[in-house]
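To keep things clear, I will list the structure first and then write my remarks on it.
The values are calculated or read from the model by the stated rules, or taken from the named source; none is laboratory data. This structure is a prediction, so every number in the text was calculated from the model and none was measured. Glycine also receives a Cβ, built like all others from the backbone with ideal geometry; neighbour counts cover every protein chain displayed. Please note that ligands, DNA and RNA were not included when accessible areas were found on the heavy atoms of the full protein model with its side chains. Shrake-Rupley method; radii C 1.70, N 1.55, O 1.52, S 1.80 Å.
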Amino acid sequence: MKLRDIILKENNKTCPAATQDLILNTKNRDAAVKAEHIQYGPLNVSEPGTYWKDIAKYWNTIEKAAKGTNCSNCVAFDISPRMEECMPGVTSDEDGKLGYCWMHHFKCHSARSCRTWAKGGPIEKDYISQDWQTRGEKV
């Protein structure tokens, strides 16, 4: 039995469906990209185009401030040990790492952002991750 399965079984939690189902993950991510109120991006963090300028305009701030509001420090960005076990493999690169977005239910890269960003993260503790999952099940 994998460590992931042991941890999740002990806490009666499974991996979020989108971490295990590529089609569902892609559907949820694409919805977050296209939704006017979310605008997940940029597509390529190395070549962001006007993404940060546009987000700064939306929040009525400067680009430097907008670039500081990314998934890596969002309250809904889950990089807890249990979530790392739910990921498909090595999930980091020179720009950041993959985690799970509890607001929009997809695998999310830490160097990206969206209009629903909220200060307070990331989620690094299993019990907090499990709480987000439990609360999400009630919706």
At 0.36 nm per residue, and after removing the present C-alpha to C-alpha distance, how many nm does the segment from Asp30 to Arg135 gain when stretched out fully? 35.5 nm
Compute, for Lys67, the solvent-accessible surface of its heavy atoms (probe 1.4 Å) with the complete set of protein chains present, and express it in square angstrom to the nearest 10. 100 Å²
Accessible surface, 1.4 Å probe, highest first, among residues Ile23, Ile123: Ile23, Ile123
Please determine, in degrees from 0 to 90 and to the nearest 10, the orientation of helix 22-34 with respect to the longest principal axis defined by the Cα atoms of the chain, where the helix direction is its Cα long axis. 30 degrees
If each part is reduced to its alpha-carbon centroid, region 27-71 and region 83-139 end up apart, in Å, by 17 Å
Considering Cα pairs under 8 angstrom that are at least six residues apart, work out the relative contact order of region 25-75 and quote it in whole percent. 17 percent
Got a sec? What order do Ser72, Ser92 fall in by accessible area at 1.4 Å, biggest, i.e. largest, first? Ser92, Ser72
Only Lys, Arg (+1) and Asp, Glu (-1) charged, at Cβ; region 50-106 dipole about Cα centre in debye: 300 debye
For the chain, calculated [θ]222 nm from helices alone, where every DSSP H run of n ≥ 4 adds -39500 (n - 2.57): -11500 deg cm²/dmol
If a paramagnetic tag sat 7 Å from the Cα of Ile23 along the Cα-Cβ line, which residues of region 80-101 would have the backbone N under 20 Å from that point? 88
Ile38: accessible area at probe 1.4 Å, nearest 10 Å²? 10 Å²
Hey, what's the Kirkwood Rh for region 65-138 if you take every pair of different alpha carbons, in angstrom? 12.2 Å
Under unit Cβ charges (Lys, Arg +1; Asp, Glu -1), what dipole magnitude, rounded to 20 debye, does the chain have relative to its Cα centre? 340 debye
Residue separation between Ile62 and Asn44 times 0.36 nm, minus their alpha-carbon distance, gives in nm 4.4 nm
Distance (nanometres) between label positions extended 7 Å along Cα→Cβ at His37 and Asn73: 2.6 nm
With DNA, RNA and ligands ignored, accessible area of Val33 (1.4 Å probe; Å², nearest 10): 60 Å²
So for Arg82, Arg115, what's the accessible-area order with a 1.4 Å probe, most first? Arg115, Arg82
The chain: relative contact order in percent, alpha carbon pairs under 8 Å with at least 6 residues between: 29 percent
Suppose every K and R has +1 on its Cβ and every D and E has -1 on its Cβ; what is the size of the dipole of region 22-72 about the Cα centre, in Debye to the nearest 20? 60 debye
